[in-house]
1. Is there a quick way to get the dipole size of region 26-164? I mean about its Cα centre, with the Cβ of Lys and Arg at +1 and of Asp and Glu at -1; what is the value in debye to the nearest 20?
2. Considering only protein heavy atoms, what per residue accessible area in square angstrom results for the chain with a 1.4 angstrom probe?
3. Taking every pair of Cα atoms in region 394-464, average 1/r, invert it to obtain the Kirkwood radius, and report Rg/Rh to two decimals.
4. Carbon and sulfur: what percent of the chain's accessible surface (1.4 Å probe)?
5. If you place +1 on the Cβ of every Lys and Arg and -1 on the Cβ of every Asp and Glu, how big does the dipole about the Cα centre of region 109-261 come out, in debye to the nearest 20?
6. Using mean Cβ contacts within 10 Å as the protection proxy, how do 385-393, 181-189, 206-214 order, highest first?
7. What are the GluC sites (Glu not before Pro) within region 364-464 that DSSP puts in a loop, where the Cβ has at most 15 other Cβ atoms within 10 Å?
8. Which order do the peptides 165-174, 238-247 come out in when sorted by mean C-beta neighbours inside 10 angstrom, highest first?
Amino acid sequence: MTTPNDRYRPGYHFSPPSGWMNDPNGLIQWRGRYHLFYQHNPYEARWGFMHWGHAVSDDLLRWRDLPLALAPEPGSPRDDGCWSGVAVNDHGIPMIIYTEVRGGIQLPYVAIGNDDLTTWRKHPHNPVIAGPPDGLNVPGFRDHCVWREDDWWYQIIGSGIIGQGGACFLYRGRTLLEWEYLGPLCVGRVGENDEMWECPDFFALGDRYALVLSPLPLNRAVYLTGRYQSHRFTPEAHGEVDGSRDFYAPQSFVDERGRRIMFGWLREARDEATQLAAGWSGAMSLPRLITPRADGRVGMTPVPDVEALRGSHISRTLHDLPPDTLVVLDDLHGSMLEIAATIDPGAAREVGITVFASPDCEEETRIVYERESGRLVIDRTRSGNGYTDAPSTALPLAPGELLDLRVFVDRSIVEAFANGYACLTARVYPTRTDSDGVALFATGGAARLLSFDAWQLSAVMQRS
């Protein structure tokens, strides 16, 4: 049955056919096909009874949902279930390492897949680790990152140490079934009052290592970069994976072309009753290409594969943006768009792009570069959904540096990428059917548009 909220269901971001979706799990390319596992409540569009959903794609864009991969034990209470983890190739055998919660206790479990990854069997040796390290007072013990070094498997498990901050505990094993504790990979604080580091992701990036975290109570995805020696990670720099709480719990993997690709969970900003009425909740971000940068930041851009979604195209070149004037693009409308713009901010205090705009601009969502604060902002205070916040992320442009923006609009999603590293996401729910316009603006001074390209994008999600 069609509901009024179907207008907000993404057309090219993956979302569940029904029920609740959250963290991406077990990203893997297996025999040429991409597999995306995700936290899933198949019964209703709210958190609880966590299963592992499963989708497959040949191109990272067109996803087809498959049968559930993992399910809670029969009769489990709402808070129990199969929580976050990873999928790995163990010498030709597909394996999942995940957190199973039974009676409120969080423990590492292993499951073995069949040849096409459609059937999974929980190993009789579970749990493969008996509990958190002895002698530590921890707020949780969940979420896994697993990798191979020489003849050893290594994994970190997200946690914290009461009074010290978030933590990742490091383990080593000859197989995925037997593990020895090596100590904390890293302990500390990346926000105020860190209690728990959820969904850790640890990987080599150029001549450094990156540790991606979703700390509580910060409730946003961040990264640390630094040195990894003698089984310890020493952070030297930090940054935001995304400046918004709407993007959370990212996980990355390396595909068969050697690319490190990241997905994140895009949380709903609608109230629970609205989500239940719609029958679905949550979406995945666009796949991001993760690369090292000479300035020490983590490079993040959309994977080039997304260009296959492009349809009809318009462009502009060398266009002045006068101060305090809205430049409306009359030939560009839509709720599924890609926009690429290069702008010289000049003397402007603010410069940017407006999307989801009604003809009178009473309803609009603004992607703004604030020159004085050096921040990228998605202002959704006039997006028609009653939100008063404007998520932002650091984007300090050097003197003379241009603003390079790529913005993706998908019905209720805005994902903005800037200058190869700054990312910002927002969920918005326009109330007016005519809120589909696009405009450019500069305030407090003139700016100059050097190039502008926009494409209508295809709806590619297959719904069962």
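1. 300 debye
2. Value for the chain: 38 Å² per residue.
3. For region 394-464, the value is 1.01.
4. Its accessible area is 49 percent carbon and sulfur atoms.
5. Dipole magnitude for region 109-261 comes out near 80 debye.
6. Averaged packing, sorted descending, gives the order 206-214, 181-189, 385-393.
7. The qualifying sites are GLU372, GLU401.
8. Descending mean neighbour count gives 238-247, 165-174.
The values are calculated or read from the model by the stated rules, or taken from the named source; none is laboratory data. No experiment lies behind these values; they were computed from the predicted model shown. Methodologically, a virtual Cβ is constructed for each residue, glycine included, from the backbone with ideal geometry; neighbour enumeration extends over all protein chains shown. With ligands, DNA and RNA removed, areas are computed over all heavy atoms of the protein, side chains included. Shrake-Rupley method; radii C 1.70, N 1.55, O 1.52, S 1.80 Å.
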